[in-house]
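S.K.: Quick one: this structure, given as structure tokens, is what I'll be asking you about.
The values are calculated or read from the model by the stated rules, or taken from the named source; none is laboratory data. On a predicted model such as this, the values are computed, not experimentally measured, just so you know. Here the Cβ is made from the backbone with ideal geometry for all residues, glycine too, and neighbour counts use every protein chain on show.
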Amino acid sequence: MYVQIIWDLDDDEDGNVQHIAEHGVTKEEVASVLQNRNNPVEESDSSGRPSTFGWTHTGRYIIVVWELANEDPRMVYPVTAYAVPEPGA
């Protein structure tokens, strides 16, 4: 299933691009996790938002916390993303 990802402007200091960059994650890494439908979606313990865990195309294991912006077509807005310990580690 294709997921369209909604990004704020790259130079928006309060936007999601800058926020994930503060955690050392790129837009491409977020996309690689969100667009892999085999990755599990869970509820974030802290915010209650949907969260997807997965391996990025760069080999890092991250969580992406997001909000559903539209169901059909499926559009999501990443709120934050950061590296987490590998499963079983």
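S.K.: Which condition number does TYR2 fail, the rest of (1) closer than 20 Å to ASN70 by Cβ; (2) crowded, with 17+ Cβ neighbours inside 10 Å being met?
M.R.: (2)
S.K.: Which one of PRO73, PRO78, PRO85 is under 16 Å from GLY24 (Cα atoms), touching a residue at least 24 places away in the same chain (Cβ under 8 Å) and part of a loop (DSSP other than H, G, I, E, B)?
M.R.: Selected residue: PRO85, the only one of PRO73, PRO78, PRO85 that is under 16 Å from GLY24 (Cα atoms), touching a residue at least 24 places away in the same chain (Cβ under 8 Å) and part of a loop (DSSP other than H, G, I, E, B).
S.K.: Does the range 70-82 contain at least one residue that is modelled with pLDDT of 95 or more and over 21 Å from TYR2 (Cβ atoms)?
M.R.: Within the range 70-82 (the criterion being modelled with pLDDT of 95 or more and over 21 Å from TYR2 (Cβ atoms)), the answer is yes, since at least one residue qualifies.
S.K.: Go over the candidates GLU29, GLU67, GLU13 one by one and state the one that is without any contact (Cβ under 8 Å) to a residue 24 or more places away in the chain and either in a helix (DSSP H, G or I) or surrounded by 12 or more Cβ atoms within 10 Å (Cβ to Cβ) (or both).
M.R.: Sole residue among the options that is without any contact (Cβ under 8 Å) to a residue 24 or more places away in the chain and either in a helix (DSSP H, G or I) or surrounded by 12 or more Cβ atoms within 10 Å (Cβ to Cβ) (or both): GLU67.
S.K.: Select from the range 32-64 the residues that are part of a strand (DSSP E or B), modelled with pLDDT of 95 or more and of a type in the set (A, V, I, L, M) and list them in ascending order.
M.R.: ILE62, ILE63, VAL64
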